[in-house]
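Undergrad: Mind looking over this structure? Questions follow.
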Amino acid sequence: MKGIVMRSTGSWYDVRGEDGKDYECRIRGKIRLEGIKETNPVAVGDRVEFDERDRMITAILPRDNHILRASIKKVGHSSVLAANIDQVMIIATLAFPRTSLGFIDRVCVSAEAFRIPQIIVFNKSDMLDDEGRGKLNEAMKMYTPIGIKCLSISALHDNITPVTSELQGKVTLFTGHSGVGKSTLLNRIAPHVRQKTGDVSTFTGKGTHTTTFAEMFEVGPGTRIIDTPGIREWGLVDMTQEELSDYFPEMRERRLDCRFGPRCIHLHEPSCAIRAAVQAGEIAPSRYESYVSMVTGEDRKK
Ligand SMILES: Nc1nc2c(ncn2[C@@H]2O[C@H](COP(=O)(O)OP(=O)(O)OP(=O)(O)O)[C@@H](O)[C@H]2O)c(=O)[nH]1
Ligand SMILES: [Mg+2]
Ligand SMILES: [Zn+2]
């Protein structure tokens, strides 16, 4: 039978069969998807074939896309967060816990590499002071013009219609640090889900890693949300220095004007159109900083 992977623990997979029933399956031997070398061969969102009698996944059907991240601590270790998704929703908080713009940019680049649209939801607006609100406005003004939709909400107190209307009929991956409110938001959107949520430590200001497995929830007809465990750091996978600027929408067109053309990595080359645009205030300094950190970073080179 064919089915779709709804939940993955790494050794067990909950597969929703075409008959609408859920089956707890394992993987037979080593099935590998051509061209994929990650440690977890089957990810949430994968369409699979399985044997409903002995509960074994026998094949993974070709993917439309997937989203990959590398672990920064474990060199050479990367994992597929989810497969066959329509968009990524980055849940971010500027305080408690703090999400850096560098982290947001890394997620955006990883999604953009597969042309998966990104939406940033700045959560916990109720916790911002004047300074925080200023930073929020600046961030929204920076991302919106480059085609990344931004929303500001409080998952606890606000009407969340602006978020739900972005989700209709799509498969959306929720990602972000631990404690930013991914599961809280999911519970507001789909009260029948009842995901466990956990407090942010007042001592470290960080989340406590409450969600431990990626899981996809059906929240309406054709509307699915994948809730995932919080991520501390996001490393890029398999990108050359030359291609990286292609995944920054504001650099993609401009880089054609660099004197060294596609070989320019926009660091010290003469007549670089990207650096000129930064100097002219057409590319945000913080985006360029993120770019530099990624293009010179160790995690990219694996
Ligand atoms: N003040 C405030 N607290 C919030 C808001 N959204 C979530 N929280 C709180 O933040 C804490 C963490 O929420 P979770 O939903 O567990 O966070 P998560 O992103 O799922 O975290 P992990 O599962 O660990 O990755 C909980 O105590 C929530 O009640 C918000 O908009 N405002
Ligand atoms: Mg959670
Ligand atoms: Zn250049």
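Undergrad: Name the residue that is modelled with the highest pLDDT, counting only residues in the stretch 29-80 that are among the polar types (S, T, N, Q) and surrounded by 13 or more Cβ atoms within 10 Å (Cβ to Cβ). Give the steps one after another, and end with the answer.
TA: Looking only at the stretch 29-80, we keep the residues that are among the polar types (S, T, N, Q), and these are 39-40, 58, 65, 71, 78-79.
With the extra rule that they be surrounded by 13 or more Cβ atoms within 10 Å (Cβ to Cβ), the set shrinks to 40, 58, 65, 71, 78-79.
Details: 40: 70, 58: 90, 65: 94, 71: 68, 78: 79, 79: 83.
If we take residues in the stretch 29-80 being among the polar types (S, T, N, Q) and surrounded by 13 or more Cβ atoms within 10 Å (Cβ to Cβ), then 65 is modelled with the highest pLDDT.
Undergrad: Pull out all pairs, ordered by first then second residue, where Cβ-Cβ is under 6 Å, the residues are six or more apart or on different chains, the first lies in the stretch 273-291 and is touching a residue at least 60 places away in the same chain (Cβ under 8 Å) and within 22 Å of residue 100 (Cβ to Cβ), and the second is among the charged types (D, E, K, R) and surrounded by 18 or more Cβ atoms within 10 Å (Cβ to Cβ).
TA: Within 6 Å, the pairs are 290/105.
Undergrad: Let me ask something additional. What residue, among those in the stretch 195-217 that are away from ligand 1 (no atom under 12 Å from the Cβ) and at pLDDT below 95, is farthest from residue 67 (Cα to Cα)? If you could, list the steps in order and put the result at the bottom.
TA: Step one: list which residues in the stretch 195-217 are away from ligand 1 (no atom under 12 Å from the Cβ), which gives 203-204, 216-217.
Filter again for at pLDDT below 95, leaving 203-204.
Numbers: 203: 32, 204: 29 Å.
Looking at the filtered set, the residue picked out is 203.
Undergrad: Let me ask you something else. Residue by residue through the stretch 255-272, note down the ones that are outside any loop (DSSP other than H, G, I, E, B) and within 16 Å of residue 241 (Cα to Cα).
TA: 255, 256, 261, 262, 263
Undergrad: State whether the residues of the stretch 238-253 include one that is more than 16 Å from ligand 3 (Cβ to nearest atom) and either at positive phi or in a loop (DSSP other than H, G, I, E, B) (or both).
TA: Yes, the stretch 238-253 contains a residue that is more than 16 Å from ligand 3 (Cβ to nearest atom) and either at positive phi or in a loop (DSSP other than H, G, I, E, B) (or both).
Undergrad: Same structure again: So, residue 192, is that one in a loop (DSSP other than H, G, I, E, B) and away from ligand 3 (no atom under 16 Å from the Cβ) or not?
TA: Working: in a loop (DSSP other than H, G, I, E, B): yes; away from ligand 3 (no atom under 16 Å from the Cβ): yes.
In short, yes.
Undergrad: Right, here's the next one. From the list 204, 211, which residue is surrounded by fewer than 16 Cβ atoms within 10 Å (Cβ to Cβ) and in the same structural domain as residue 97 (by TED's automatic domain parsing)?
TA: Testing whether each residue is surrounded by fewer than 16 Cβ atoms within 10 Å (Cβ to Cβ) and in the same structural domain as residue 97 (by TED's automatic domain parsing) leaves just 204.
Undergrad: May I ask you to verify whether residue 223 is at pLDDT 95 or above, among the hydroxyl-bearing types (Ser, Thr, Tyr), surrounded by 15 or more Cβ atoms within 10 Å (Cβ to Cβ) and in contact with a strand residue (DSSP E or B) (Cβ under 7 Å, 6 or more places away or on another chain)? Reasoning before the result, please.
TA: On the way: at pLDDT 95 or above: yes; among the hydroxyl-bearing types (Ser, Thr, Tyr): yes; surrounded by 15 or more Cβ atoms within 10 Å (Cβ to Cβ): yes; in contact with a strand residue (DSSP E or B) (Cβ under 7 Å, 6 or more places away or on another chain): no.
No.
Undergrad: Note down all Cβ pairs under 9 Å where the first residue falls in the stretch 184-211 and is closer than 13 Å to residue 156 by Cα, the second is among the charged types (D, E, K, R) and more than 8 Å from ligand 1 (Cβ to nearest atom), and they're at least six residues apart or on different chains.
TA: So the pair list comes out as 187/194.
The values are calculated or read from the model by the stated rules, or taken from the named source; none is laboratory data. If you're wondering where the values come from, they're calculated on a predicted model, not measured in any experiment. Cβ: placed from backbone, ideal geometry, glycine included. Neighbour counts: every protein chain shown.
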